[in-house]
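Data block below; observations after.
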Amino acid sequence: MTWIDGVVSALQRNDVRRVAYLPDSALSGLIERVESNEPFEAVSLAREEHGVGLLSGAYLGGERGVLLCQSSGLATTINALSSLSKPTRIPFLAVVSRRGDLGEFNDAQVPFGYAVGDVLDDIGIRNRRLDVPETVERDVDLAAKSAFSTGEPYVLLLDATLTGAKDEF
Amino acid sequence: MSSEDPSDEAGEADRADEGNGVDDPIGNGGEADEGADIPRRADQIACTERVLGTTPEAAIIANLGVASYALAGIEDRPRNFYCWGAMGLATSIGLGVALAIDDPVTVLEGDGSMCMSLGALSTVAACDPPNLAIVVWENGVYGTTGGQPVATVDIAGAARACGLAATTAETGAEFETGYAEAVAHEGAALVVCRVPPIDPDARPPLDSAHVARRFRDALTDGTEGAEGTVRGEWRDGGDQ
Ligand SMILES: [Mg+2]
């Protein structure tokens, strides 16, 4: 099972239907899978923080969703996570490609990508780095279950060692 | 707010009329007693009442600050979702609700917050849910932070450039018509309503989790979603 199969399987098992995303080369295979396949309904965003709003609204209407984006885009969601997801206890799930660490060629990606877990910890957003395919399905499944059961966000950070780093060296 | 602004006085006069029982619920001024040819500006309170009157079952998402204060002061109903934070996200929240339910959904935005997230309108246009109406109260200021000016933007023009149906209302009567047309429109639609700034005393409940739960229960009868079947699987341990 590829990591993409693992994410798709875990999302389906948890009735996650609404997918909000911005393009990302590391997640492109996953995005193509959910864009074209039932039961997913994909929405292409203009900016990642809109996804926190859109998915929160979808949850208030009875749907479950997930945000797919890159760590640099997750940086735009900090206020939304802090001032919408947390105080309202609306669950939030994200599958994020984490830039800025092993294999990174672009220094614009380093400050937030490398520190994304620390930043999320500081504002009380649970998160977990994934870097081997074997545990992806289990971790996404359990993160989704915990997010929707507790009314707390959960962010899964997929390292470039899992998704395949861009080779620009 | 600022009493130097003559249009503000017009808004106050409209509300005074209402209090006197004059049949002018949308603040459009039956008799123009000051400046006969100048249409009196719409009043945000009266127009918010008009939203509730036109779409009593609508799920309403109100931007933080004045839009929420005005709505809460009229009626703190379960189908109101107020933002206390999430600046610039009211339209995105409303889009998500509209994609998930069939009932009418109305967003009450401010001009400052709309300008913060104009890009969200491109996503609204791409999804184009027929049950979504967006009202933008254009008072020209950041009302919640003390009335600092907002950049002058043709928000309806920007919305049309994104592919949305959009109009601008200058008076209460124009708003009444424009909102009804936005609700009836076959896709998502936006109405800018030009209003003088107001400073309502009312506040929505501060317990955001309570408001969110109450809103969700009202939209789903407490039966939809998340916790049902999946929690059973969780207890059983699934097949990890
Ligand atoms: Mg304003």
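Structure above, values below:
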| quantity | calculated |
| --- | --- |
| A:A75 vs. criteria open to solvent by 30 Å² or more (accessible area, probe 1.4 Å) and in a helix (DSSP H, G or I) | yes |
| Any hit, the range B:131-143, residues being assigned to a helix (DSSP H, G or I), touching a helix residue (DSSP H, G or I) at 6+ places or on another chain (Cβ under 6 Å) and within 12 Å of the ligand (Cβ to nearest atom) | yes |
| Number of the condition not met by B:N139 [criteria: (1) crowded, with 24+ Cβ neighbours inside 10 Å; (2) in contact with a Leu (Cβ under 8 Å, 6 or more places away or on another chain)] | (2) |
| Every residue from the range B:200-240 that is within 7 Å of another protein chain (Cβ to nearest Cβ) and at pLDDT 95 or above | B:S208, B:A209, B:A212, B:F215, B:R216, B:L219, B:T220 |
| Some residue of the range A:17-31 being within 11 Å of chain B (Cβ to nearest Cβ) and among the acidic types (D, E) | no |
| Elements of type helices (runs of 4 or more DSSP H) in the range B:48-117, at least 2 residues being more than 16 Å from the ligand (Cβ to nearest atom) and buried (at least 21 other Cβ atoms within 10 Å of the Cβ) | B:90-100 |
| All positions within the range A:1-55 that are touching a Phe, Trp or Tyr at 6+ places or on another chain (Cβ under 6 Å) and without any contact (Cβ under 8 Å) to a residue 24 or more places away in the chain | none |
| Filter result (open to solvent by 70 Å² or more (accessible area, probe 1.4 Å), among the hydroxyl-bearing types (S, T, Y) and either part of a helix (DSSP H, G or I) or more than 16 Å from the ligand (Cβ to nearest atom) (or both)) within the range B:144-196 | B:T144, B:T145, B:T177 |
| Filter pass, A:E32 being at pLDDT below 95 and either open to solvent by 10 Å² or more (accessible area, probe 1.4 Å) or assigned to a strand (DSSP E or B) (or both) | no |
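The values are calculated or read from the model by the stated rules, or taken from the named source; none is laboratory data. As the structure is a prediction and not an experimental result, all values here were calculated from the model. Quick reminder, even Gly has a Cβ in these numbers, built from the backbone with ideal geometry, and neighbours come from all protein chains shown. For the accessible areas, the whole protein counts, side chains as well, though only heavy atoms, and no ligand, DNA or RNA atoms are used. Shrake-Rupley method; radii C 1.70, N 1.55, O 1.52, S 1.80 Å.
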